[in-house]
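This report concerns only the one structure given below.
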Amino acid sequence: MNTGIRMLTRSRSRAPRITAEGCGEELTPREAPAAEGRKNHLTQKTRKLRVAYEASNSEKDEDAEPLKMPMWEPQNWQQQLANIRIMRSKKDAPVDQLGAEHCYDASAPPKQVQRYQVLLSLMLSSQTKDQVTAGAMQRLRAQGLTVENILQMDDDMLGRLIYPVGFWRNKVKFIKQTTAILQQRYEGDIPASVAELVALPGVGPKMAHLAMAVAWGTVSGIAVDTHVHRIANRLRWTKKVTKTPEATRTALEEWLPRGLWSEINGLLVGFGQQICLPVHPQCQACLNRALCPAAQNL
């Protein structure tokens, strides 16, 4: 009789596996509580971080202002500005007597004639010393500086009256073109926006912002000419070196308080005419010699 041997096998009972969220591993029931504890601990940390930076809907204050990044500003700029005001306190630079706000006839009626004269003085001032611009404006006013008179004047006469301003031949052409546009589109007045002003022949951003300030009494931006451009870079009033006056204007307007925009042009232009000269600046006479980053290199 054959004796059969029956092999009894004992299968291992497989415990159910529990998957921990976000881990990609399977855990036994014994490991699960520990994983759950770690998960809760991580969730608590995450919630704390979220509360630190972004309040939940129930915690948000509608009146609360969003956090703002610190604004860049130059070192010592307030002291530098105060020193420049002291050095300019006499108001005896050429720009103080011969700038655009002094070249038009304040008694000329109507107001649009005054505004037209302001614009023309600015067009003449490009690449020209204030004394030369003022002389040209006196000769033009003696002939009757109005839109109608300029349009009737021949180019040779206009050229003789404005000579020797810089690029006077181009300016004769620009003055005639711009004056015709003013008569056709603006009834002899000048535009009341920077965008329309810079669209006129021979009118750049600096002229437009000064025209808005002097002719319309509106501060639309900082007027930056070669003096303001040079001094702003010497004082490091721009976050990085700028290569054009328009780039300098943008850089200054990013940090300079708007309440100072109307003052800064005349202040720095006169400072550049008397002390911070383009060549051989008078650093020994400057109150900012110890604060100016460029002083030791000039």
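A short reminder: the numbers here are calculations on the coordinates, not readings from a lab. In this text, all values refer to a predicted model and were calculated from it rather than measured experimentally. Positions of Cβ are backbone-derived with ideal geometry, glycine not excepted, and every protein chain shown enters the neighbour counts.
Arranged from highest to lowest average of other beta-carbon atoms within 10 Å per residue, in what order do the peptides 253-265, 159-171 appear? Spell out each step's value before the answer.
Values: 253-265: 14.4, 159-171: 16.5.
For the peptides 253-265, 159-171, the packing ranking is 159-171, 253-265.
Taking the Cβ of Gly217 as the centre, find all other residues whose Cβ is under 15 Å away and add up their charges (Lys, Arg: +1; Asp, Glu: -1).
Working: positive: Lys111, Arg115; negative: Glu101, Asp189, Glu263.
Result for the local shell: -1.
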Net charge, Cys292 excluded, C-beta distance under 9 Å - Lys, Arg +1, Asp, Glu -1: +3
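Can you tell me the dipole magnitude for segment 144-298 around its Cα centre, using point charges on the Cβ only (Lys, Arg +1; Asp, Glu -1), in Debye to the nearest 20?
Working: 16 positive and 12 negative charges, 166 e Å.
Taking the Cα centre of segment 144-298 as origin, the dipole is about 800 debye.
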Per-pair calculated FRET efficiency, R0 = 22 Å: Val219 and Ala82 via Cβ, rounded to 0.05: 0.55
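Give me the extension gain from Ala195 to Tyr163: residue separation times 0.36 nm, minus the current Cα-Cα distance, reported in nm with one decimal.
Details: separation 32, 0.36 × 32 = 11.52 nm, distance 2.90 nm.
Here the answer is 8.6 nm.
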Filter on Lys90/Lys171; Lys206/Lys239; Lys91/Lys173; Lys91/Lys129 - keep pairs with C-alpha separation over 24 Å: Lys90/Lys171; Lys91/Lys173
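Can you order the peptides 99-112, 121-134 by their average number of other Cβ atoms within 10 Å per residue, highest first? Show your work: numbers first, answer last.
Values: 99-112: 15.6, 121-134: 21.0.
Packing proxy ranking, top to bottom: 121-134, 99-112.
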Segment 145-231, relative contact order [Cα under 8 Å, separation at least 6], %: 19 percent
Summed residue charge, Cβ within 14 Å of Leu200's Cβ, Lys/Arg positive, Asp/Glu negative: +4
